[in-house]
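Asker: Got a structure for you, questions after.
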Amino acid sequence: MRKINRTKLLDREHDRRSAKLFVIATEDKNAGEQYFEMFARISSQVKVKILPTEDDQSAPQYVLERLDKFKDLYDFNEEDEFWLLLDVDRWVKPSQLIAVCPEARQKGYQLAISNPCFEIWLCLHFQDLKLQDRTCKHFDARLRKILGSYNKSNLVIDLYKPNVQDAIERSRKLDLSSSEYWPSTLGTHVYKLVESILKSLDMT
């Protein structure tokens, strides 16, 4: 089957010759997609395409398969990047990630995994971690305390935008072994994805 030209994924405001595509397959339906749309609005040089979970198929293997299928549809450029945005929480066991991460790396995909959830990345925009923070519920509560409210279905992106570099620095300090597939303790590798996007925007 003939592949579709990647320019079909670019909006009218993008530079169709030189815009770089970031394709992100996520287990999330809400927060991740809203957050990364923020970067797509900054410049015509970057397009972020989110592949959210559908039909509750959020296990790592399903997320990987979704990215595989999407990549096979289009004729991408070598500089385009493909990412898996995953969590280590009570629903996802390390054994599931171990089965997926080496395969993803072999295919040239990159990993942005949070332990325990994407909300840890959002919290790091504002504060260092607290000793009592351990679960996704803790991070949801922390965001409500910081922001006054938190609804993952309706992120107020403007609250996060000024603090992206702070989140990167805090995440890097927590990342004691960046070569691991995911943080073995509390932390997030989402900063690696965001750094790559910012580099493409000449903002690092």
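Asker: For the range 96-204, which trypsin sites (Lys or Arg not before Pro) are in a loop by DSSP, counting at most 13 other Cβ atoms within 10 Å?
Answerer: Sites meeting the loop and neighbour criteria: 107, 130, 134.
Asker: Could I ask something else about it? For residue 69, which lysines qualify as cross-link partners when the Cα separation must be under 20 Å and same-chain residues fewer than eight apart are set aside?
Answerer: Leaving aside lysines fewer than 8 places away in the same chain, those within reach of residue 69 are 3, 8, 20, 29, 47, 49, 107.
Asker: Take every DSSP beta bridge whose two residues both sit in the chain, then give the antiparallel share in percent to the nearest 5.
Answerer: 10
Asker: Let me ask you something else. Could you pull out every residue, at least 5 positions away or on a different chain, whose amide H is within less than 5 Å of the one on residue 20? Hs are placed 1.01 Å off N in the peptide plane, and Pro or chain starts have none.
Answerer: 46, 47
Asker: Using alpha carbons only, how many angstrom separate the centre of the range 162-185 from the centre of the range 39-112?
Answerer: The range 162-185 and the range 39-112 have Cα centres separated by 19 Å.
Asker: Also: Where in the chain lies the longest segment free of GluC sites (Glu not before Pro) that are both loop residues by DSSP (not H, G, I, E, B) and have at most 12 other Cβ atoms within 10 Å?
Answerer: 80-204
Asker: Please enumerate, by chain and number, the aspartates and glutamates with C-alpha under 19 Å from the C-alpha of residue 152, excluding those fewer than 8 residues away in the same chain.
Answerer: Leaving aside aspartates and glutamates fewer than 8 places away in the same chain, those within reach of residue 152 are 27, 28, 33, 37, 54, 55, 56, 87, 89, 119, 133, 140.
Asker: Mean separation of Cα pairs under 8 Å and 6+ residues apart, divided by the residue count of the chain: what relative contact order is that in percent?
Answerer: 22
Read the figures in this text as sums done on the coordinates, not as results from a lab. These numbers were taken from a predicted model, which means no experiment stands behind them. As a convention, Cβ positions derive from the backbone with ideal geometry for all residues, glycine included, and neighbour counts pool all protein chains shown.
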